[in-house]
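Peer 1: One structure is given below, represented as structure tokens, and several questions about it will come after.
What follows draws every value from the coordinates through simple rules; no lab data is involved. It should be emphasised that the depicted structure is a prediction, and the values quoted were computed from it without experimental measurement. FYI the Cβ positions are ideal-geometry reconstructions off the backbone, even for glycines, and counts take in every protein chain you see.
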Amino acid sequence: MDQQARAQHHRRSGAKVGRWLTPVAFLAVAVPYLVALVRTMVTAGPTITLPDDLALIDLHVRRAMTLRQQLGVFDHDGWNHPGPAYFYAQSLVYRILGDRPSSLFAGAVLLSGLSALAALWVVRRRTTPTRTILVSIVLCWLGIMLCAHGPGAMTYSEGPLGALVSPWNPMVVILPLFLLLLLSAASLDGSRLSVMGAALVGSLILQANISSGPLAVGLVGVAGIGGIVSLVMGRGTRRPTTWRTRSLAGAGTVLLVLMWIPPVIEQLTGHPGNMTQLIRYFSSHAGGQPLSAAWWALVDVAASTLVGPSQVMARLLGNQPPHAELGIAVLIVAVGAAAMAVVVGLRQHRRFAAGLGLVSLLSLLGLLESFSRIVGFIFGYLVVWAVVVPLAAVVAVLLLGVPASWRSPRWLGPLRCGLAALTVAGSLAFVAAVLSIPATSSVSDPQVGRLAALVAAHLQPGEVVAVGDAGAGSASTKLLDVERFIGLVNELDRQGFSPKVNKVWRAQFGPGYQASGHEDASFVLETWTPSSPSTPGYVGRVGDMALLDTTAG
């Protein structure tokens with residue numbers, strides 16, 4: 001076989017392998033998320049009683065099912081996250097899989113998995129199968145990192161399962177943010193439909209978690225600029241606008257408007273509205289963090305790309321972290337990779353790679369500014385979502401073209417086979433990490449279940465019940481056990497009762513849960529003491545809490 005024939009043979013072999021790269025890439029990412037989805041459902045057990053933020057999210061999702069949820073999760077500083085889009089997305093899962101707590105975790109897995117697959121779709125639309133499979137390897141690595149669980153990798157609010165399956169709002173925005181970075185880059189490459197996608201994903205992120213909101217808003221702004229430039233210069237897709245494109249754009253516009261109707265209504269009817277409270281709060285706390293604290297928080301996040309979320313979740317940030325050298329090295333690589341993608345991408349006329357490098361650079365700078373605006377302590381959950389920014393910079397380099405002198409038809413087929421094998425290995429490692437996650441039933445708080453059972457035993461079906469507190473919690477601190485108080489209210493609501501709370505809790509639960517003083521029954525939680533059993537209305541003890549029936553009073 002002469003040299004020309006061998007070259008043609010190698011090209012045909014490479015093309016044959018290349019046709020399989022795209023499905024391998026998508027399956028490598030889809031299968032672990034499918035395993036995680038099934039696992040969250042089959043390991044849930046018969047009953048789950050949720051505490052704290054998980055209970056509050058569950059409660060708000062059920063309100064969204066009746067179209068009554070207007071805002072995001074309540075913050076202890078007196079305002080709510082900007083909007084309810086995340087709850088309405090979860091409500092669709094509840095309708096399909098059933099109104100039960102396990103559906104909350106399944107919804108989180110679906111949101112992250114669909115975001116990961118959408119990110120692959122954006123890459124495949126604008127590049128080659130080889131580059132798509134490279135990005136799938138990065139996504140598998142990110143998934144493995146998010147599977148970390150145990151005391152060092154989580155907070156009480158997200159439960160013991162870790163970030164990948166956690167429905168807690170700081171966690172569910174991680175994969176959507178990675179998708180947003182790619183959509184913004186695609187907009188700079190002339191994809192006008194990606195501008196709408198960026199607006200939708202950015203709105204979801206902003207409404208769910210205001211900590212990541214400034215970056216999301218900036219990325220949507222970059223996408224908008226890219227769309228305007230492509231429109232003015234005619235650098236968008238050369239294909240004529242089809243009915244499908246127009247339909248998608250129209251549907252996206254309608255969905256975007258619907259996403260913002262609830263918070264706008266709340267703003268116009270609230271006294272004051274939530275947006276007013278947000279503006280007042282952040283304008284009165286303009287000082288934020290020193291630049292050094294923001295820098296070390298960014299170093300912390302950068303190191304998390306290699307050591308997982310335990311790097312940030314278990315500690316207060318803002319000082320030199322344990323893995324400082326590793327984090328600084330990751331940042332240096334990320335900045336260098338992003339700059340290389342911009343320069344080389346422009347020279348190679350690969351605007352998608354150059355655009356992703358640019359938005360990665362801008363995002364890294366924006367993170368410093370964003371972290372410097374954090375009020376109070378820098379907790380890990382306030383910044384962990386930023387882990388995808390250094391990864392996006394690395395992806396930008398992977399999207400570049402290989403110099404012509406490096407291309408050899410002889411090695412094309414073996415190279416692609418090697419990448420496919422590496423991807424399958426990464427997917428299997430991802431599946432193994434998913435299988436190591438504790439059972440969904442482990443999030444259940446038995447004290448919440450016992451409190452709800454005690455209260456329900458004294459109620460008739462559908463009764464309206466006021467639930468109050470008198471400092472219930474630790475006998476040493478006399479502080480309210482907030483986590484289980486919220487869990488009790490949610491569990492009573494789930495069982496078909498109508499729980500109400502006092503005015504102090506109105507913003508946390510929503511206006512529909514404020515007590516009027518005319519409820520059918522009333523219960524109070526207080527710290528248990530040896531004299532509690534002799535207190536009038538004493539019902540029982542759960543942990544350090546005493547439950548009192550104050551209906552007669």
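Peer 1: Please arrange 371, 379 by how many other C-beta atoms lie within 10 Å of their C-beta, fewest to most. Show your work: numbers first, answer last.
Peer 2: Details: 371 26, 379 19.
Fewest to most other Cβ atoms nearby, the residues stand as 379, 371.
Peer 1: Kindly put 145, 171, 233 in sequence by how many other C-beta atoms sit within 10 Å of each C-beta, fewest to most. Show your work: numbers first, answer last.
Peer 2: Working: 145 24, 171 28, 233 9.
Going from least to most buried by this count: 233, 145, 171.
Peer 1: Taking 25 °C and 0.890 mPa s as the conditions, I'd like the Stokes-Einstein D for the chain in µm²/s, using the Kirkwood hydrodynamic radius from alpha carbon pairs. Each step should come with its number before you reach the end.
Peer 2: Details: Rh = 25.1 Å.
D = 98 µm²/s.
Peer 1: Name the residue from 456, 527, 466 whose Cα lies farthest towards the positive end of the charge dipole of segment 446-549, charges +1 on Cβ of Lys and Arg and -1 on Cβ of Asp and Glu.
Peer 2: 527
Peer 1: Given contacts defined as C-alpha pairs under 8 Å and at least six residues apart, what's the relative contact order of the chain, whole-number percent? Intermediate results must be reported in sequence, preceding the final value.
Peer 2: Values: 995 pairs, mean separation 114.7, N = 553.
Across the chain, relative contact order equals 21 percent.
Peer 1: Where does the charge balance sit around residue 494 when Lys and Arg score +1, Asp and Glu -1, over other residues with C-beta under 11 Å from its C-beta? Mind dumping the intermediate values first?
Peer 2: On the way: positive: 62, 100; negative: 58, 99, 491, 493.
Local charge sum for residue 494: -2.
Peer 1: If you put +1 on each Lys and Arg Cβ and -1 on each Asp and Glu Cβ, how big is the dipole of the chain around its Cα centre, in Debye rounded to 20? List each step's numbers first, then the result.
Peer 2: Values: 38 positive and 25 negative charges, 699 e Å.
Value, rounded to 20: 3360 debye.
Peer 1: Which of rounded, prolate, oblate describes segment 226-358, given a ≥ b ≥ c as roots of the alpha-carbon gyration tensor eigenvalues and a/c under 1.5 marking rounded, otherwise prolate only if a/b is larger than b/c?
Peer 2: On the way: a/c = 2.55, a/b = 1.13, b/c = 2.25.
Oblate.
Peer 1: What size of dipole, in debye to the nearest 20, comes out for segment 43-136 about its Cα centre when the only charges are +1 on Lys and Arg C-beta atoms and -1 on Asp and Glu C-beta atoms? Write down the numbers at each step before the final one.
Peer 2: Details: 9 positive and 6 negative charges, 137 e Å.
Dipole magnitude for segment 43-136 comes out near 660 debye.
Peer 1: Go ahead and run the numbers for FRET between residue 531 and residue 100, Cβ-Cβ distance against an R0 of 41 Å, rounding to 0.05.
Peer 2: Numbers: r = 39 Å, r/R0 = 0.96.
E(calc), rounded to 0.05, equals 0.55.
Peer 1: Membrane-span-like helices in the chain: DSSP H runs reaching 27 Å or more (Cα, own axis), mean Kyte hydropathy at least -1.0?
Peer 2: Values: long enough: 3-42 (57 Å, 0.25); 101-126 (39 Å, 1.05); 213-233 (30 Å, 2.00); 243-269 (39 Å, 0.79); 324-347 (34 Å, 2.12); 351-372 (31 Å, 1.43); 409-435 (40 Å, 1.32).
Answer set is 3-42, 101-126, 213-233, 243-269, 324-347, 351-372, 409-435.
Peer 1: How would you rank 491, 526, 369, going from fewest to most other Cβ atoms within 10 Å of each one's own Cβ?
Peer 2: 369, 526, 491
Peer 1: In addition: From the C-alpha coordinates alone, can you work out the Kirkwood hydrodynamic radius of segment 423-539, in Å?
Peer 2: Computed over Cα pairs of segment 423-539, the Kirkwood hydrodynamic radius comes out at 16.4 Å.
Peer 1: For an R0 of 25 angstrom, estimate the FRET efficiency from the Cβ-Cβ distance between residue 282 and residue 332 and round to the nearest 0.05.
Peer 2: Details: r = 32 Å, r/R0 = 1.27.
E between residue 282 and residue 332, to the nearest 0.05, is 0.20.
Peer 1: To the nearest 0.05, how large is the calculated FRET efficiency for residue 541 and residue 253 if R₀ is 56 Å and r is the Cβ-Cβ distance?
Peer 2: Working: r = 56 Å, r/R0 = 1.00.
For residue 541 and residue 253, the calculated efficiency is 0.50.
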